[in-house]
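Peer 1: If you scroll down you'll find the structure; I have some questions about it.
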Amino acid sequence: MACLLETPIRMSVLSEVTASSRHYVDRLFDPDPQKVLQGVIDMKNAVIGNNKQKANLIVLGAVPRLLYLLQQETSSTELKTECAVVLGSLAMGTENNVKSLLDCHIIPALLQGLLSPDLKFIEACLRCLRTIFTSPVTPEELLYTDATVIPHLMALLSRSRYTQEYICQIFSHCCKGPDHQTILFNHGAVQNIAHLLTSLSYKVRMQALKCFSVLAFENPQVSMTLVNVLVDGELLPQIFVKMLQRDKPIEMQLTSAKCLTYMCRAGAIRTDDNCIVLKLDHDLKHAHELRQAAFKLYASLGANDEDIRKKIIETENMMDRIVTGLSESSVKVRLAAVRCLHSLSRSVQQLRTSFQDHAVWKPLMKVLQNAPDEILVVASSMLCNLLLEFSPSKEPILESGAVELLCGLTQSENPALRVNGIWALMNMAFQAEQKIKADILRSLSTEQLFRLLSDSDLNVLMKTLGLLRNLLSTRPHIDKIMSTHGKQIMQAVTLILEGEHNIEVKEQTLCILANIADGTTAKELIMTNDDILQKIKYYMGHSHVKLQLAAMFCISNLIWNEEEGSQERQDKLRDMGIVDILHKLSQSPDSNLCDKAKTALQQYLA
């Protein structure tokens, strides 16, 4: 069996959307309420991060049924809540998904759900409403159609930190002019939201602050009112100034600066107030430094923590801001933006969702065309992650000419760029079609491949061996490649096994041999090469278990008795003394090695 090199952050991936999508919808009509509930829960798990599955379920009519169940008085609260969660997940897909939900009149159904006494259900409805109202395809006027909605939302602000976060976010997105400002102001928005600026939750504080920025925009009435509002004994302008401090997140600094600016313009605050003038002037003069610092901070925070990465990406407009940073005039800002995206690209979930939704690969490929080495190193490292097999960006990157670009990087004088170029090609070749593998070999050229195998940089050598290992997977691919490049590959393998290389290098090389041995015709290149056979025999008796196991894989693939010519191969290897070594290894204290040896011996007995 051919073994492929494990990619850096491999995880299980949801299977492609199939006819099973129909099964999810059918279960929503089961007469047993418990089966319906379980069906909705299974649907929820199936659509997470899978836009294709979401679109499929919408086409199959899942939305009207979910809305029906959500509004039925006979539905349990748990079922209603799960329906709201699934609808929210569907809304987090494409803009077409949101349009489909709007066409099914989802907003009135969710607003009706807010009348429920159950807090969890209310939060699920609000979360879904938040997602829909923050979509650019949703008309803001839908929030103001029913005059009872705004006062009810104001009343719900006190229920939990989640109701506070979602409602404030809805308000800030749906307040688009003086009419909307007046409606919110007249229903007590200032008084109801002001105390949220001191919430323990950063998300609540941030959304409340954004509310004030849209309420005060070009609105003297709101601005004059804000000046005199007290929160825990402090005036609002004083709280805004505190939020400008350097230890606060950049987003908070900039939004509070907006609030103070709008208040200044309205005449509510003196324009000669030093604490305000100096701070705004500082922000204007050092906008690049602020953005650079922000991107660096987010890159550092998200480097090793999935929860923090998720929080960063879910921050409103954050991905747009980072992507925009890739085209900044300042090299330092561009570099910081790339580092930030690279840090966030360590998340499997975000690679499959946010990175695809924002088509991050497009500006990244543009950056890779012409940038200083310091940016190229980080950008190419990020590209390695975008080329992992579960990344939806992999296919469009391939179609955009990435193979030639990456092959070019392998010729760089900078070792880091050579490593990233070959690493990305290795990821690209993982479980790839024959055409992609052929494109890689053609663009890279045999000569360059073998130059990389003799590279003085250990990382380059290891990644090149990884590329070979991934190219030589799947029997038809193995046989095809070995039929055209077999002689050179066998020479390279021989040189590495004879050279002064570390254990890891030789282990990878033996794994390549094991893959070749898994080919139908390719294995004859090993069986007719006595020098290679003797090397495999030598490593079976090596003192290092890793090398023994890798050599064992070679032998197992050569002697597997279900394949044509296995008897002749078994006889030749028996004459070489392989069976005697297998008997010794079957007594090994290493359980893995012992089991592999016993399995190989069974091939001789079958």
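Peer 1: Return the residues of the stretch 87-112 that are farther than 30 Å from residue 355 by Cβ and open to solvent by less than 10 Å² (accessible area, probe 1.4 Å); say none if nothing qualifies.
Peer 2: Listed by number, the list holds a single entry, 109.
Peer 1: Let me ask something additional. What is the number of the single condition among (1) open to solvent by less than 20 Å² (accessible area, probe 1.4 Å); (2) within 46 Å of the chain's Cα centre (by Cα); (3) over 24 Å from residue 502 (Cβ atoms); (4) not hydrophobic (A, V, I, L, M, F, W, C) that residue 539 does not meet?
Peer 2: Going through the list (1) open to solvent by less than 20 Å² (accessible area, probe 1.4 Å); (2) within 46 Å of the chain's Cα centre (by Cα); (3) over 24 Å from residue 502 (Cβ atoms); (4) not hydrophobic (A, V, I, L, M, F, W, C), residue 539 breaks only (3).
Peer 1: If you don't mind, another one. Restricting to the stretch 289-305, and then to whatever is open to solvent by 70 Å² or more (accessible area, probe 1.4 Å) and in a helix (DSSP H, G or I), can you tell me which residue is nearest to residue 251 (Cα to Cα)?
Peer 2: If we take residues in the stretch 289-305 being open to solvent by 70 Å² or more (accessible area, probe 1.4 Å) and in a helix (DSSP H, G or I), then 291 is nearest to residue 251 (Cα to Cα).
Peer 1: Give me a count of the residues in the stretch 469-480 that are closer than 13 Å to residue 517 by Cα and open to solvent by 10 Å² or more (accessible area, probe 1.4 Å).
Peer 2: Total satisfying the criteria: 6.
Peer 1: Determine, yes or no, whether residue 443 is open to solvent by 10 Å² or more (accessible area, probe 1.4 Å) and either aliphatic (A, V, I, L, M) or not in a helix (DSSP H, G or I) (or both).
Peer 2: Considered against the rule, which asks whether it is open to solvent by 10 Å² or more (accessible area, probe 1.4 Å) and either aliphatic (A, V, I, L, M) or not in a helix (DSSP H, G or I) (or both), residue 443 comes out as no.
Peer 1: Need the failing condition index for residue 115 against (1) in a loop (DSSP other than H, G, I, E, B); (2) farther than 21 Å from residue 170 by Cβ; (3) open to solvent by 50 Å² or more (accessible area, probe 1.4 Å); (4) not β-branched (Val, Ile, Thr), just the number.
Peer 2: Condition not satisfied by residue 115: (2).
Peer 1: Just checking, does the stretch 580-588 include any residue being in contact with a helix residue (DSSP H, G or I) (Cβ under 9 Å, 6 or more places away or on another chain), without any contact (Cβ under 8 Å) to a residue 60 or more places away in the chain, open to solvent by 30 Å² or more (accessible area, probe 1.4 Å) and over 16 Å from residue 603 (Cβ atoms)?
Peer 2: yes
Peer 1: Among the listed residues 46, 55, 84, 2, which satisfies the condition of being at pLDDT 95 or above and either part of a helix (DSSP H, G or I) or open to solvent by 10 Å² or more (accessible area, probe 1.4 Å) (or both)?
Peer 2: Residue meeting the stated conditions: 84.
Peer 1: Looking at 509, 494, which one is surrounded by fewer than 18 Cβ atoms within 10 Å (Cβ to Cβ), touching a residue at least 12 places away in the same chain (Cβ under 8 Å) and over 14 Å from residue 410 (Cα atoms)?
Peer 2: Exactly one of 509, 494 is surrounded by fewer than 18 Cβ atoms within 10 Å (Cβ to Cβ), touching a residue at least 12 places away in the same chain (Cβ under 8 Å) and over 14 Å from residue 410 (Cα atoms), namely 494.
Results for (1) part of a helix (DSSP H, G or I); (2) within 26 Å of residue 107 (Cα to Cα); (3) within 30 Å of the chain's Cα centre (by Cα); (4) among the acidic types (Asp, Glu), shown as yes or no for each residue.
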{"residue": "180", "(1), (2), (3), (4)": "yes, yes, no, no"}
{"residue": "184", "(1), (2), (3), (4)": "yes, yes, no, no"}
{"residue": "218", "(1), (2), (3), (4)": "no, no, no, yes"}
{"residue": "222", "(1), (2), (3), (4)": "yes, no, no, no"}
{"residue": "254", "(1), (2), (3), (4)": "yes, no, yes, no"}
{"residue": "261", "(1), (2), (3), (4)": "yes, no, no, no"}
{"residue": "268", "(1), (2), (3), (4)": "no, no, no, no"}
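Peer 1: Being open to solvent by less than 60 Å² (accessible area, probe 1.4 Å) and in a helix (DSSP H, G or I) is the filter; apply it to the stretch 589-598 and report the residue that is nearest to residue 555 (Cα to Cα).
Peer 2: Among them, the one singled out is 597.
Peer 1: Does the stretch 369-384 contain at least one residue that is over 18 Å from residue 426 (Cα atoms), part of a helix (DSSP H, G or I) and hydroxyl-bearing (Ser, Thr, Tyr)?
Peer 2: no
Peer 1: Could you please find all residues in the stretch 131-143 being within 21 Å of residue 187 (Cβ to Cβ), surrounded by fewer than 21 Cβ atoms within 10 Å (Cβ to Cβ) and within 26 Å of the chain's Cα centre (by Cα)?
Peer 2: Hit for the stretch 131-143 is 134, nothing else.
Peer 1: If residue 463 passes every condition in (1) within 25 Å of residue 565 (Cβ to Cβ); (2) in contact with a Phe, Trp or Tyr (Cβ under 7 Å, 6 or more places away or on another chain); (3) crowded, with 22+ Cβ neighbours inside 10 Å but one, which one does it miss?
Peer 2: (1)
Peer 1: Separate question: For the stretch 146-178: of the residues being within 37 Å of the chain's Cα centre (by Cα) and not in a helix (DSSP H, G or I), which is surrounded by the most Cβ atoms within 10 Å (Cβ to Cβ)?
Peer 2: Per the criteria, the residue is 175.
Condition check ((1) of a type in the set (A, V, I, L, M); (2) surrounded by fewer than 21 Cβ atoms within 10 Å (Cβ to Cβ); (3) touching an Asp or Glu at 6+ places or on another chain (Cβ under 9 Å)) across all residues:
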site: 201; (1), (2), (3): no, yes, yes
site: 204; (1), (2), (3): yes, no, yes
site: 214; (1), (2), (3): yes, no, no
site: 217; (1), (2), (3): no, yes, no
site: 221; (1), (2), (3): no, yes, no
site: 224; (1), (2), (3): yes, yes, no
site: 228; (1), (2), (3): no, yes, no
site: 252; (1), (2), (3): yes, yes, no
site: 257; (1), (2), (3): yes, no, yes
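Peer 1: Another one. Taking the residues in the stretch 312-323 that are free of Cβ contacts under 8 Å to residues at least 60 places away in the same chain and of a type in the set (D, E, K, R) as candidates, determine which candidate is nearest to residue 352 (Cα to Cα).
Peer 2: Going through the qualifying residues, I end up with 314.
To keep it simple, each residue is scored yes or no on (1) over 27 Å from residue 484 (Cα atoms); (2) of a type in the set (A, V, I, L, M); (3) buried (at least 21 other Cβ atoms within 10 Å of the Cβ); (4) in contact (Cβ under 8 Å) with a residue 40 or more places away in the chain.
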{"residue": "393", "(1), (2), (3), (4)": "yes, no, yes, yes"}
{"residue": "404", "(1), (2), (3), (4)": "no, no, no, no"}
{"residue": "415", "(1), (2), (3), (4)": "yes, no, no, yes"}
{"residue": "420", "(1), (2), (3), (4)": "no, no, yes, yes"}
{"residue": "426", "(1), (2), (3), (4)": "no, yes, yes, yes"}
{"residue": "467", "(1), (2), (3), (4)": "no, yes, yes, yes"}
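The values are calculated or read from the model by the stated rules, or taken from the named source; none is laboratory data. Quantities reported herein were computed from a predicted structural model and do not represent experimental measurements. FYI the Cβ positions are ideal-geometry reconstructions off the backbone, even for glycines, and counts take in every protein chain you see. Heads up: the accessible areas ignore ligands, DNA and RNA and are worked out on the full protein's heavy atoms, side chains in. Shrake-Rupley method; radii C 1.70, N 1.55, O 1.52, S 1.80 Å.
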